Ligand code: HEM
């Protein structure tokens with residue numbers, strides 16, 4: 001997460017390129033989210049990775065944290081474009097365009113798993129906990145749509161979708177783990 005910290009720090013400099021920082025933070029958020037959703041299928045394939053599954057919550061939280069940084073930078077950009085006091089009106093006006101709406105929906109779907117990423121929620125939700133965590137999958141799909149639409153990122157989004165989506169098929173295989 002250090003590069004995201006650096007982006008935040010740079011954003012306070014008067015000559016910072018906030019558009020570029022928003023794009024960079026979006027890519028970080030996508031990378032963490034993609035990592036979070038491929039961990040289970042990869043662990044099904046390789047037993048060595050199964051030992052690292054305890055990191056899954058942290059990886060998911062990193063995706064959520066990076067998304068919040070991305071949102072904050074976006075709001076800073078909108079603040080620069082808007083008339084004084086008009087930032088939220090501009091954010092609202094743009095929120096329903098397909099590129100931005102997919103981003104908001106992805107973030108919204110990431111919220112319940114992020115809030116439930118602790119032992120107390122795990123105990124309270126019991127069997128429902130897994131269903132809550134699985135919201136990361138539609139969140140990733142929406143984030144990929146957002147990436148494809150919002151900044152002509154179609155090819156990169158397709159590459160990530162092919163890798164992360166393809167690996168999801170492993171979830172339907174019988175458990176056949178190989179030791180690394
Ligand atoms: C809170 C709602 C969100 C808003 C308002 C939003 C807004 C934006 C905007 C305006 C851009 C274009 C930046 C630019 O190229 O100048 C962007 C790009 C991007 N966003 Fe978001 N976003 C949101 C949520 C997310 C989430 C949750 C993810 C991933 C988990 C994400 C991933 C990306 C990616 C990968 C890009 C492409 C970066 C690039 O251009 O290279 N965004 N977003």
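Quick note: the coordinates plus some simple rules give every number you see, no bench work behind them. Source: prediction; values computed, not measured. All Cβ positions, even for glycine, are placed from backbone atoms using ideal geometry, and neighbour counts span all protein chains on display.
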What angle, in degrees between 0 and 90 and rounded to the nearest 10, separates the Cα long axis of helix 136-150 from the longest principal axis of the Cα atoms of the chain? 40 degrees
Rounded to the nearest Å, what's the spacing between the alpha carbon centres of region 12-42 and region 115-180? Just the number, please. 16 Å
Sorted by average packing, counted as other Cβ atoms within 10 angstrom per residue and highest first, what order do 69-76, 8-15 take? 69-76, 8-15
Need the full-extension length gain, residue 125 to residue 51, defined as separation in residues times 0.36 nm minus the C-alpha distance. One decimal, nm. 24.2 nm
When a footprinting reagent is the concern and you count Cβ atoms within 10 Å, what order do 42, 111 take, fewest first? 111, 42
Pairing the Cα long axis of helix 18-45 with the longest principal axis of the chain, what angle in degrees results, from 0 to 90 and rounded to the nearest 10? 10 degrees
On the principal axes of its Cα set, how long, how wide and how thick is the chain? Give whole Å, largest value first. 58, 38, 30
Which log10 I(q)/I(0) values does region 1-49 give at q = 0.18, 0.33 Å⁻¹ under the Debye formula, counting every alpha carbon as one identical point scatterer? -0.63, -1.14
Do you know the relative contact order of the chain, to the nearest whole percent, from alpha carbon pairs under 8 angstrom that are 6+ apart? 28 percent
By the gyration tensor of its Cα atoms, with a ≥ b ≥ c the square roots of the eigenvalues, what is the shape of region 94-180: rounded for a/c under 1.5, prolate for a/b over b/c, or oblate? oblate
